[in-house]
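Just below is one structure, and these are the notes that go with it.
The values are calculated or read from the model by the stated rules, or taken from the named source; none is laboratory data. Quantities reported herein were computed from a predicted structural model and do not represent experimental measurements. Note that we place each Cβ from the backbone using ideal geometry, even for glycine, and neighbour counts take in every protein chain shown.
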Amino acid sequence: MKKFMPVEELARDERFNQITQADRMADGRVALLADSEKSRRSNRLTPARPDASEAARALMHGIFVGEIQALEGAGRTCWDFTTGEEAPFELKLDMARQAWDEARHVEISLKLSDWMGSEIGQYAENTVLFQAACSNDPVLRLAGVNRALEGLAIDVFTTMKEFGELAGDPYLEFCEDWMFADEVTHVKMGSDWLRKITENDPERRKKALEFQGIVDKMFSYGGSRSDSEESSFAIARRFRELAGFTEDENDHIADLGMQALNERKAQLREKQAAASN
Amino acid sequence: MTLTVTPDTYNFVAFDTAYTARIAEHMATQLGLDDIDILIAINENSALTRIDIDVTDSLITIAPHSGAMEDTRRPRQQSELNTTITMARGMLRARDRLRGGFADAPADTELSLPQAAVWDTYIMGRIAHMDIELNKQAWIYNFRNRHGFSDAVDAVFEQVWNTANATWAELSALSANTLSVTA
């Protein structure tokens, strides 16, 4: 069986349409509220948003495809690296457990999508999550998948759980809470293995953390995640700490989110100005 | 009656003005709005799914944000189905205000979220009964988000969804009663 499968070869049926992060960022349209409306609303994904149902549905589909890609990423880590030499058996065992969790999350997300009124493939699938799982160094993969991707999952699940709680949706709140608990474990696995494997190799650890920073910025999706009310979801600092992120690391992710938000806003201003000329 | 679609060309999306006009004309005829001028002013700068409406005795203005007409599977491409639904939503809302017993309804920007949801349900139910394909579950979910998650709320949803003729007074009272029961 092939090792190190590129993102283009992910198996999907005709219901799915895949796009890249570059496709997404090429969209010059504004998806944030106009300045005049900011005084009375924020962009946080809460039931108070007029488009809350549609936005929550789209995010749930994003979670669904994200879970598929996380399953594929964890599964590939079990297969792509030689046991013992490149990756310890216990690490692979953790990745196998994670793959099992992710498969369950795919099923749960699918049922939640039905409940919220969307269908498989209704929205484009951004393949950026799997791209973070394509590194040929298992430590970088742990940094990209278990810390950046699963860290993002903590932020997203916190938002969705709160959304369900505020709206009084018992299924959404319950399901997100259960999946969320798994994500904290996945991040913890990544944090623990990253420290353990690079214990005597500070250079490799530095490289992994740099890679995590790049992925974290990509996963801020042009500012969708930051401490600013302009972002759809916040950084779930408390739960991230439980998963092994330090306060400094959370501050760094928050800074990356703000950077991504400001860069995206500048980029959109430029595109809109060019279009109006 | 004249029907105008703007803009003629697009910078951010791959929409077709003539195609949109054909869909809008067909919908206007179907809804009996072929005796009034209609302006469809697409806001291509915004990816939101909002549809802004303005109604006077002589002109209906429907201003959909581009997300409302987009194929969500293929970003920035126009969806025939979503364009049809958006035209129907905009025109039904305008027709309600002009001729359908909604003269006393607050301006769109002043509607509470439950009021907007009950009116949307009334609109989408009528669109579904025109045999236009849509996901009813999505509208149940929206109604529940605004009124609560219970069997009683679902029963009110079904009532509104299957209503062909309602006034604003009736709909807003139903919404208020539902909220008071679930509170």
When restricted to B:Asp96, B:Asp120, the only residue among the charged types (D, E, K, R), modelled with pLDDT of 95 or more, surrounded by 16 or more Cβ atoms within 10 Å (Cβ to Cβ) and within 29 Å of A:Pro170 (Cα to Cα) is B:Asp120
Quick count over segment A:76-91, residues being surrounded by fewer than 19 Cβ atoms within 10 Å (Cβ to Cβ) and in a helix (DSSP H, G or I), is 4
Going through segment A:177-216 in order, the residues found to be loosely packed, with under 13 Cβ neighbours inside 10 Å, acidic (Asp, Glu) and in a helix (DSSP H, G or I) are A:Glu203, A:Glu210
Scanning segment B:6-39 for residues that are in a loop (DSSP other than H, G, I, E, B) and under 17 Å from the mean Cα position of the chain (by Cα), the one nearest to the other protein chains (Cβ to nearest Cβ) turns out to be B:Leu31
Checked against (1) more than 13 Å from chain B (Cβ to nearest Cβ); (2) within 17 Å of the chain's Cα centre (by Cα), A:Cys78 satisfies every condition except (2)
Flagged in segment A:117-146 as of a type in the set (S, T, N, Q), within 14 Å of chain B (Cβ to nearest Cβ) and in a loop (DSSP other than H, G, I, E, B), in numbering order, are A:Ser118, A:Gln122, A:Thr127
If you go through A:Phe174, A:Phe239, the only one that is within 17 Å of A:Leu152 (Cβ to Cβ) and not acidic (Asp, Glu) is A:Phe239
Note: among B:Thr72, B:Thr49, B:Thr83, just one is under 30 Å from A:Asp23 (Cα atoms), touching a residue at least 12 places away in the same chain (Cβ under 8 Å) and in a loop (DSSP other than H, G, I, E, B), namely B:Thr49
Among the residues of segment B:45-76, the number that are of a type outside the set (Gly, Ala, Ser), crowded, with 21+ Cβ neighbours inside 10 Å and more than 7 Å from every other protein chain (Cβ to nearest Cβ) is 6
Among helices (runs of 4 or more DSSP H) entirely within segment B:87-162, at least 2 residues that are more than 13 Å from every other protein chain (Cβ to nearest Cβ) occur in B:113-128, B:151-161
The residue from A:Ala99, A:Ala56, A:Ala103 that alone is buried (at least 20 other Cβ atoms within 10 Å of the Cβ) and at negative phi is A:Ala56
Per the filter on segment A:247-277, residues among the small types (Gly, Ala, Ser) and more than 30 Å from A:Ser191 (Cα to Cα) are A:Ala266, A:Ala273, A:Ala274, A:Ala275, A:Ser276
Evaluate the following for A:Thr158: is it within 19 Å of the chain's Cα centre (by Cα), in contact (Cβ under 8 Å) with a residue 24 or more places away in the chain and within 14 Å of chain B (Cβ to nearest Cβ)?
no
